[in-house]
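Please treat every number below as a calculation from the coordinates, not as lab data. All figures in this text were calculated on a predicted structure; none of them were measured in a lab. Note that we place each Cβ from the backbone using ideal geometry, even for glycine, and neighbour counts take in every protein chain shown.
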Amino acid sequence: MSKRSEELDATRADVHTPSRRDFFKKTATLTAGAVAAASVVAPVALSADEKKAKCDGDEKIVNLNPWETKWGYPVSEKLYGQPSPFERHVVRRTTPILSSGNYRASIAVAPIQDLHGIITPNGLFFNRHHGGTPDIDPKQHRLMIHGLVEKPIVLTMDELKRYPSVSRIHFVECPANGGPEWRGPQFNSIQFAKGFMSCAEWTGVYLKDILKDIGLKPEAKWMLAEGGDSSHMGRTIPVDKVLDDVIIAWGQNGEALRPEQGYPIRLLVPGWEANLCVKWLRRLEFAKEPFYAKEETSRYTALRKDGKAIQHFYVNEVNSVITNPCPEKPWTDLKKGDIVEIEGLAWSGHGTITGVDISFDGGKNWVEASLKGLVLPKAWTRFSYIYKYEGKPLLLSSRARDDAGFIQPTVMEERKAVGVEGVYHRNGIHTWEVNEKGEVSNVQVLS
Ligand SMILES: Nc1nc2c(c(=O)[nH]1)N[C@H]1C(S)=C(S)[C@@H](COP(=O)(O)O)O[C@H]1N2
Ligand SMILES: [Mo]
């Protein structure tokens, strides 16, 4: 045994029983195959005294389970892995209420209550489309870049991937996230109330790097992005943003984009509303004017209370939500005095989250939560607060701030500006009511 593994073994001494330690010593020198075999035929047996001392009535750790005494399934059986069958309930969800009158033009929301860290697994990434998901053969797919450029080009996917790539973690949020709730809570569910968003590591090429190569004419001020699905999803984006951080992405969390996310390529417009992140991207055109001036290219606007609307309103502003507890993750199993970790997600399209406060009384008093794990610009940021459960009713809210100096408004501040007829860009402080039984429901504080 090497010195290093002896040291490791010494650190294990205080957490394992002697029999367990011997087992580690023996197996440490065996080959990987032999270790697997040894663990099948020689499970660690506890003496009667050890059982009594350690297990205190919980038979599940004392007795061998059926799956410990026979072979598990071989590596060849699952060449693309799937989650445990016991995680079957963790899925995207749909409802007729959120489809635009046609199931081919609808949304599936992400189970943000069941996620860990800041990355959404690809199979759970929220999914919104206007004309169904096409299955595109990358060999047949082309990207055309033209208009006000020196050298217009048509790229194959192989040619596109020859540009140097970058990997960036960014959220993608539909500006309608939380939108149904302008008039008041609509869903007693975090998944439906806040799940029009996800966060992934995207790999692709900065569009500015391609433009360096083909030459953008100085008079170009707007870019049209068009998808290769039946909706085409024409979107118009200011050139300043394009030259800042817009990416043409082909990678999503280490693998190719999923068909639902735009395989083989999509546009990623970090921090801005997700409808600009055109999937199945086939064409980019540069021009002097925004494209909706001359053709049927839609854009979202932000309605104000006076009836006027802001035309160019693209940023998903600073926002947050508590994911534990929430309606799907109540505190009904907690006993008074239990220690629990309040957790949530904060994000801002303007930049990096600088802090999150938590209130237990609907926003009268605030305490500071801690940010944990990676804290990155235009990415989900996880926050945490260790709390001693008291079994008392609570109005639990979170309020995030970002490095651009923004802080989440109250629901009333938001209503003062927009009224209750808003559709997009809701970032008012979200509140859960926790009753004395630990049940959680969606409420809004209107004071
Ligand atoms: N080509 C195309 N791109 C599209 C859409 C679409 O219908 N077609 N929907 C947009 C909208 S409204 C949203 S919210 C995001 C959703 O991205 P996702 O499905 O990867 O979560 O894709 C955007 N890009
Ligand atoms: Mo959207």
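Data overview
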{"quantity": "Sorted by Cβ neighbour density within 10 Å, fewest at the top, the residues Y163, Y80", "calculated": "Y80, Y163"}
{"quantity": "Karplus 3J(HN,Hα) series, Hz, for segment 265-276 with 6.51 cos²θ - 1.76 cosθ + 1.60 (x for Gly, Pro)", "calculated": "9, 9, 8, 10, 10, x, x, 8, 4, 5, 5, 6"}
{"quantity": "Extension gain from R162 to H89, taking 0.36 nm per residue of separation minus the Cα-Cα distance", "calculated": "22.3 nm"}
{"quantity": "Residue-span extension gain [W71 to A105] - 0.36 nm each, minus C-alpha spacing", "calculated": "7.7 nm"}
{"quantity": "Calculated FRET efficiency for the pair R258/S447, C-beta based, R₀ 45 Å, to 0.05", "calculated": "0.55"}
{"quantity": "Label point distance in nm, Q82-H350, each placed 7 Å from Cα along Cα→Cβ", "calculated": "4.5"}
{"quantity": "Potential extension, E201-K217 segment - 0.36 nm per residue separation minus Cα distance", "calculated": "2.6 nm"}
{"quantity": "For segment 238-244, Karplus couplings with θ = phi - 60° (6.51, -1.76, 1.60), whole Hz, Gly/Pro x", "calculated": "x, 4, 4, 5, 4, 7, 7"}
{"quantity": "Convex hull projection area averaged over all views, segment 99-295, Cα basis, nm²", "calculated": "11.7"}
{"quantity": "Alpha-carbon centroid distance for the pair segment 365-393 / segment 75-103, whole angstrom", "calculated": "28"}
{"quantity": "Eligible aspartates and glutamates near K372 by straight Cα distance, threshold 13 Å, same-chain separation 8 or greater", "calculated": "E341, E343"}
{"quantity": "Estimated FRET transfer efficiency (K437, A309; beta-carbon r; R0 35 Å; 0.05)", "calculated": "0.20"}
{"quantity": "Built amide H within the under 5 Å cut-off of T410, gap 5+", "calculated": "I429"}
{"quantity": "Above-threshold pairs, the threshold being 21 Å between Cα atoms, out of K208/K378; K279/K329; K212/K279; K212/K378; K221/K308", "calculated": "K279/K329; K212/K279; K212/K378; K221/K308"}
{"quantity": "Amide H partners (placed H, <5 Å) of G262, local residues excluded", "calculated": "W280"}
